[in-house]
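Below: one structure, written as structure tokens.
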Amino acid sequence: MIKYILIEDERFAYEEVKRMMKKLRADYQMSGWAVSIEQAVELLKQENIDLMIVDIRLSDGLSFEIFEQYPVDIPIIFTTAYDEYALKAFKLNSMDYLLKPIDEKELDAALCKFERRNCPTPKTPAYRQLEETYLSNNKKNRFLIQLGDAFQYVKTDEIAFFYSEEKYTYLHLFSNRRYIINYPLEQLEKMLDKDVFFRVSRNCIANIQSITKISKFFASRLKLYFQPECPHEVLVSRNRISDFLKWVDDAR
């Protein structure tokens, strides 16, 4: 059984997270609740837990002080009404950084991330089917990107395409800015809305709105043109043309 604690000084926020946890993970056990840095440190000393859900601003200071007083290697889901602490949160053992008011689907996604990293499950056909069903019903609508020492979200509909280059995956916006993200294309393919995004080649997933021209190319392939322009030539292989054209036809 997964044991977790809540560190939150606002009663309403505490009740909301507790309610969502009971709904989303009825098999998890809440082992304690703390409203201050002092209480949280004492709780950590007494309890053997697997996960922490932690508000950043507490009545007696920032929750980062908890881990300065009592360092632990426990996965943390941070919650806050402010976004200026994202960088510091990710330097700790942070699974996710949820902005208040907390969205139930985003909490569920954070818990799934925790489970994938810390509760490995054999990849049986039944498990894969459940995973596919979850991903198909919970399409990602935003991505966290890093801007220098800060983090910010971009909406999925702002993204023209994703592509891989050497060992990196890039998110390329319609504004012609690009950012490195920590998802391989194989994972992105499952997370994105298939009506909007398509794996057009081995190293590119395109938003239908970014494709401006399609032309025939050597060896029965198709060449794609993008706006903004893709840094690499994108060719649709012969064995993917039928699915690609169906996608284009349905999307248009």
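The values are calculated or read from the model by the stated rules, or taken from the named source; none is laboratory data. The model shown is predicted, which means the values in this text are computed figures rather than measured ones. Using ideal geometry, Cβ is built from the backbone for each residue, glycine included, and neighbour counts are taken over all protein chains shown. Accessible surface is based on the protein model in full, side chains and every heavy atom, while ligands, DNA and RNA are left aside. Shrake-Rupley method; radii C 1.70, N 1.55, O 1.52, S 1.80 Å.
Structural remarks
- Lys, Arg +1 and Asp, Glu -1 on Cβ, resulting dipole of the chain about Cα centre, debye, nearest 20: 1540
- Cross-link reach list, aspartates and glutamates versus Lys246, counting only Cα pairs under 19 Å and skipping chain neighbours closer than eight places: Glu189, Asp193, Asp195
- Dividing the summed -39500 (n - 2.57) terms of all DSSP H runs of n ≥ 4 by the residue count of the chain sets its mean residue ellipticity at 222 nm at -9500 deg cm²/dmol.
- Filtered chymotrypsin sites (Phe, Trp or Tyr not before Pro), region 1-72: DSSP coil and at most 16 other beta carbons within 10 Å: Tyr28
- Here r is the Cβ-Cβ distance between Glu104 and Thr212 and R0 is 41 Å; the resulting FRET efficiency, rounded to 0.05, is 0.60.
- Percentage relative contact order, the chain, counting C-alpha pairs under 8 Å, at least six apart: 10
- For Asp195, solvent-accessible area (1.4 Å; no DNA, RNA or ligand), Å²: 110
- Split the chain at each of the GluC sites (Glu not before Pro) in a DSSP loop with at most 14 other beta carbon atoms within 10 Å, and the longest piece is 85-165.
- Contour excess over end-to-end distance, with Cα ends at Phe64 and Gln146 and 0.36 nm allotted per residue: 27.5 nm
- For region 157-234, the tally of Lys pairs with Cα-Cα distances below 23 Å comes to 4, considering only residues 8 or more apart or on different chains.
- The chain: most fluctuating residue of Ala26, Ala34, Ala81 per GNM, C-alpha cutoff 10 Å: Ala26
- 3J(HN,Hα) along region 61-66, derived from phi through the Karplus expression 6.51 cos²θ - 1.76 cosθ + 1.60 where θ = phi - 60°, amounts to x, 8, 5, 4, 5, 4 Hz, with x in place of Gly and Pro.
- A DSSP coil position with no more than 12 other Cβ atoms inside 10 Å describes the following trypsin sites (Lys or Arg not before Pro) in region 136-189: Lys167.
- Label selected from [x] 1.81; [y] 1.19; [z] 1.03, the criterion being Cα Rg over 2.2 N^0.38 Å as computed here: [y]
- In this rough spin-label picture, where each label sits 7 Å from Cα along the Cβ direction, the Glu186-Lys155 distance is 3.2 nm.
- Extension gain, Met30 back to Asp73 (0.36 nm per residue minus Cα-Cα distance, nm): 13.6 nm
- Bridge type composition, the chain - antiparallel percent by DSSP, nearest 5: 65
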